[in-house]
Every structure is written in structure tokens, then in C-alpha cells.
There are 2 protein chains.
Amino acid sequence: MASVAEPIQRIANELSRLPGIGMKTAQRLAYHIIAMPADQVKSLAEALVEGRTTVHFCEQCGNYTQNTRCEICENEERHNGQICVVREPRDVAAMERMRDYKGLYHVLNGVLSPMDGIGPDDIRIRELLARLSTEEVDEVILATNPDIEGEATAAYIARLLKPMGVRVTRIAHGVPVGSDLEYADEVTLAKAMEGRQEL
Amino acid sequence: MASVAEPIQRIANELSRLPGIGMKTAQRLAYHIIAMPADQVKSLAEALVEGRTTVHFCEQCGNYTQNTRCEICENEERHNGQICVVREPRDVAAMERMRDYKGLYHVLNGVLSPMDGIGPDDIRIRELLARLSTEEVDEVILATNPDIEGEATAAYIARLLKPMGVRVTRIAHGVPVGSDLEYADEVTLAKAMEGRQEL
């Protein structure tokens, strides 16, 4: 569209590369940004560049941090013998929102996906094994997503770890709290039945 | 959430100030940005700051441009005696998408809104009147939004302009093309009936 000033279209193009932001939304945001106070735009731009520059992986668990180790690994109280294995750093944030889990994490930074050529050496499985020999670990909780790749990855890791004498668990599948049975798919319902507990 | 590295949370905070982006989406985007190639993040940040710095209002119509006058005002072929009055620069982009209108624009940069203390002197009405005396104008098309403020603003401008002997029109109200009658509200339906045309 020739009617959109080039710098606005450039902002829209850049924003439309973000997940879930189509060109129409990107253009709406671009117009909003042009009308924002200049210092606010600068602050946003700086946050982006600074964040991308200063954040890297925690050398122990693979979570995002601006330090050598993340806050959770640095917290002695969380070294309780449990390691929760997740796919991505943002899954750590999701688990933490629960405020219930008191152990450590291990971020795989991916899941096994033969279709995409991602094998065991491409995700942080070796690092997980290394932790089992250097840290005191009683239980590894596999919290990869309940999808095909997540299940396959959990099964693969479970097979690797069990011979090492560590307790390996998988998060439960079932109907999400607050949802409606009617909308649950059959596999979820079957898993929910299978995992039923005495009251 | 202490588990989200501070620089990531900062990006999320900044993004959540944008319209339609809640904290959950902002955090998802922030995690995505941290995982993006560094040069892509830099490119996005630069587009934001450069856009905000180089774009300003066209001195004639009030649309956004990086020049003194926007492309439309600079285009001699569009000086056809028509001026379409809209509320915001992004409404110009919306009208242009239609590829049907060949005249000029006038961006009010707001609408009358007594509740918010926005009166005739706060939007570019004076500039519109000035254009009528310096440019050759046959018709002013009022294309403010079909909401309360937009209607009031259109009515106000129409009252001002009519004594000046210029033709003043208002875009038609009706059922959106491709929509379903069932979902149209009563006022829209009434307007659609009122504006019915012989076939």
C-alpha cells in the first residue's frame, strides 16, 4: 500500500514476523507506535535490544538468565533432589506460576522430532545425564508437552534414566480444571479415566 | 514472577502497553524475541525508533509522512476537488485499500468528544476550513466512524461547511458486505433500510 508511509510499513513488516501477529495487527500496532511518546518508543526498542543481548542460558539448567546461573539454580533451598524437565525456558515460567513446585528445572531447549531431524544430541539430554552424576537427584519429573513429540521425548529420557536408579515420573494427563467435559477430546478423556484417583 | 529473567519481563512490560496485547501475549512475544537472531531484534528496534523519529504529519492533510507533504497530497492527479475527512492517519490507509477513491484527504487527528474535553479547536477543523479557501474544493466527504463521536463530528463540520457553498456528503451506513443480516444490530439495519437504493 503506497498510502502507508514507508517507515510505518517497515515497522509493520518487522512486527508481522512475530508469532500470532498478522499484517493487519502489525499495521495497527505500527500506527499506534508512531503516535506514542518518543521516549516510550525508545524505551521499548532498548528493552528489546538489551534483553536479546544480556539474556542467555543458565549454565546449569538451560533456563534464560542474565547471570551465569538462573535465580532458581542459585537458590540453595530449591536443591531438594527434584529436577523438572521442560522443553523451553517459558515452560519454567509456566510451572513457576503454579507456586507449588520447589525443586530445580532442566530445560531441554527442544524435543525429539525425527521429522525435523532433531535427535537426542540436538537437545540438552547429555547435560541432564551429567547433572545426575554431579548433583544429588532423587526424582526427575518429565514435564514436556502432552503432544506426540513431548511424549516421545519423555519416553526416551525415561528409558535412559531408569537404569541409573533415579525415580522418573511424568506429569498427569487429564481434563483441564475449569474446562467442560464436553469439549475434551477422547484421548484426554481416556487418560483422565486411566489416571483416576480414589477420593 | 521471579522466575522470568528481568530483561525478559522488561520486554513483556513494554509490549503489554501496546493495544490488544495483554501480559500473557507480551510474555510469549518476549520469549520469542529472546530466541530470535540478534540482528533481527536489532532491525525491529531500529525500525521502531527510526519510524517514530522520521514520521510526522503532512502539512497539508495531516496524514503521516516522512516528507513535508504526503504522497497523496504530492500527487497532482489526486487534486480532483474532493476531500475525504477522516479521524486518523490509519483511516487513510483503510480508505486507500479500497483503491477506488481518487481525491485528497483531511485527517482531523481526533473527533469531537465533550466527555473527554475535546472540542473543535482540539482537532484539525480550522485547517480544513483554511484548505477550502486556498484549494479548489467541490465536495467534502465526511468519513468519520459511524459511532457517536464520529456522527457528532460529521454533523458539526457539515453545519460549518454548508454555508460556504461546498457540497458536503457523509459515507453510507448499512450492512457490511459479506456479513449476515442476523448479526447486524438494529440501528445498522434501520440505516440500511433508510439508505436503500433502486436496483
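Read the figures in this text as sums done on the coordinates, not as results from a lab. Model, not experiment: these values are computed from the prediction. Cβ atoms come from the backbone with ideal geometry, glycine included; neighbour counts cover every protein chain shown.
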Using a Gaussian network for chain A with springs between C-alpha atoms less than 10 Å apart, which of these wobbles most: A:Glu139, A:Glu182, A:Glu76? A:Glu182
Expressed in whole Å with the largest first, what are the equivalent ellipsoid semi-axes of the stretch B:116-199 derived from the C-alpha gyration tensor as the square root of 5 times each eigenvalue? 29, 17, 10
Given a Förster distance of 41 Å, the FRET efficiency implied by the Cβ-Cβ spacing of A:Glu76 and A:Asn145, rounded to the nearest 0.05, works out to 0.85
Column: log10 I(q)/I(0), Debye, Cα scatterers of chain B, q = 0.10 Å⁻¹: -0.61
Applied in sequence order to the stretch A:76-92, the curve 6.51 cos²θ - 1.76 cosθ + 1.60 (Karplus, θ = phi - 60°) yields integer Hz couplings, x standing for Gly and Pro, of 4, 4, 8, 7, 9, x, 9, 10, 9, 9, 10, 7, 9, x, 6, 6, 4
For a label point 7 Å from the Cα of A:His32 along Cα→C-beta, name the residues of the stretch B:1-35 whose backbone N is under 19 Å from it. B:9-33
Name the most mobile residue of A:Thr54, A:Thr144, A:Thr65, meaning the one with the largest mean-square fluctuation, in a Gaussian network model of chain A with Cα contacts below 10 Å. A:Thr54
For the rotation taking B to A, I'd like to know which residue in chain B has the C-beta closest to the axis, plus that distance in Å. B:Ala45, 2
Unit charges on C-beta of K, R, D, E only; dipole of the stretch B:6-54, Debye: 220 debye
Among B:Met95, B:Met164, which comes first, then next, by fewest other beta-carbon atoms within 10 Å? B:Met164, B:Met95
Under a GNM of chain A (C-alpha, springs under 10 Å), which listed residue has the highest mean-square fluctuation: A:Ile171, A:Ile125, A:Ile83? A:Ile171
Between A:Val166 and B:Val166, with labels modelled 7 Å along Cα→Cβ, what's the label distance in nm to one decimal, could you check? 7.6 nm
I'd like the antiparallel share, as a percent to the nearest 5, of DSSP beta bridges with both residues in the stretch A:57-198. 15 percent
Shortest first, in nm, what separates the label point of B:Ile148 from those of the same position in the other copies (7 Å along Cα→Cβ)? 5.3
Can you list the copy-to-copy distances for B:Gly165, using a point 7 angstrom from Cα toward Cβ, in nanometres, shortest first? 10.3
Across the identical copies, how the A:Glu50 labels are spaced - nm, sorted shortest first, 7 Å along Cα→Cβ: 2.3
Considering the zone a paramagnetic label at A:Gln40 would reach in this model (a point 7 Å from Cα along the Cα-to-Cβ line), which residues of the stretch B:44-81 have amide N under 15 Å from it? B:49, B:52-53
